[in-house]
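The values are calculated or read from the model by the stated rules, or taken from the named source; none is laboratory data. Predicted, not measured: the structure shown is a model, and the values here were computed from it. Using ideal geometry, Cβ is built from the backbone for each residue, glycine included, and neighbour counts are taken over all protein chains shown.
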């Protein structure tokens, strides 16, 4: 098929209930199209040779939701904890308060450093020290 069309996967397919509407080239999704999963998730964007291509509306929406979540919980003063590796097969819990969030990085002032001396980024961690790490590695305390 070449042009614009739609397809719904049948009940016996492993994609049962999924639906696509958009452009085709050589019987493949190619160009602008919308794919809806039976779950209700939706991809709206560019297709190339039957594969999603580029940043889609779905991915943009996820990025916006993540940014809104980071804005609401990643505020200065919020309490967070993380498990940092200690030795080969163990970890230590460290906790602190958020000082600043920049992109995917979070700066945390430590309030708890675990029971054993813990080295992070070449320094032994101490209460009151500020460390920087990946935002998603920290868990929020209620």
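Quick check on region 99-114. Is at least one of its residues in contact with a strand residue (DSSP E or B) (Cβ under 7 Å, 6 or more places away or on another chain), surrounded by 14 or more Cβ atoms within 10 Å (Cβ to Cβ), without any contact (Cβ under 8 Å) to a residue 60 or more places away in the chain and at positive phi? Checked region 99-114: at least one residue is in contact with a strand residue (DSSP E or B) (Cβ under 7 Å, 6 or more places away or on another chain), surrounded by 14 or more Cβ atoms within 10 Å (Cβ to Cβ), without any contact (Cβ under 8 Å) to a residue 60 or more places away in the chain and at positive phi. Total residues in region 64-80 satisfying the condition of being outside any loop (DSSP other than H, G, I, E, B) and surrounded by fewer than 17 Cβ atoms within 10 Å (Cβ to Cβ): the figure is 11. Considering 31, 40, the condition of being on the phi > 0 side of the Ramachandran plot, in a loop (DSSP other than H, G, I, E, B) and either more than 16 Å from the chain's Cα centre (by Cα) or surrounded by 11 or more Cβ atoms within 10 Å (Cβ to Cβ) (or both) is satisfied by 40 alone. Total residues in region 97-123 satisfying the condition of being closer than 13 Å to residue 135 by Cα and either outside the structural domain of residue 136 (by TED's automatic domain parsing) or assigned to a strand (DSSP E or B) (or both): the figure is 10. Taking (1) farther than 30 Å from residue 7 by Cβ; (2) in contact with a helix residue (DSSP H, G or I) (Cβ under 8 Å, 6 or more places away or on another chain); (3) surrounded by 12 or more Cβ atoms within 10 Å (Cβ to Cβ) in turn, residue 85 satisfies each apart from (2). Residues of region 47-79 that are touching a residue at least 24 places away in the same chain (Cβ under 8 Å) and within 18 Å of the chain's Cα centre (by Cα): 70, 73, 74. Of the residues screened, residue 94 is one that is surrounded by 14 or more Cβ atoms within 10 Å (Cβ to Cβ), at pLDDT 90 or above, touching a strand residue (DSSP E or B) at 6+ places or on another chain (Cβ under 9 Å) and under 30 Å from residue 127 (Cβ atoms). The combined condition, being surrounded by 12 or more Cβ atoms within 10 Å (Cβ to Cβ) and part of a loop (DSSP other than H, G, I, E, B), is not fulfilled by residue 131. Read through the list (1) assigned to a strand (DSSP E or B); (2) on the phi < 0 side of the Ramachandran plot; (3) surrounded by 13 or more Cβ atoms within 10 Å (Cβ to Cβ), then give the number of the only condition that residue 59 fails. For residue 59, the failing item is (1).
Of all residues in region 1-16, exactly one satisfies the criterion of being within 27 Å of the chain's Cα centre (by Cα) and either part of a strand (DSSP E or B) or within 22 Å of residue 59 (Cβ to Cβ) (or both), namely 15.
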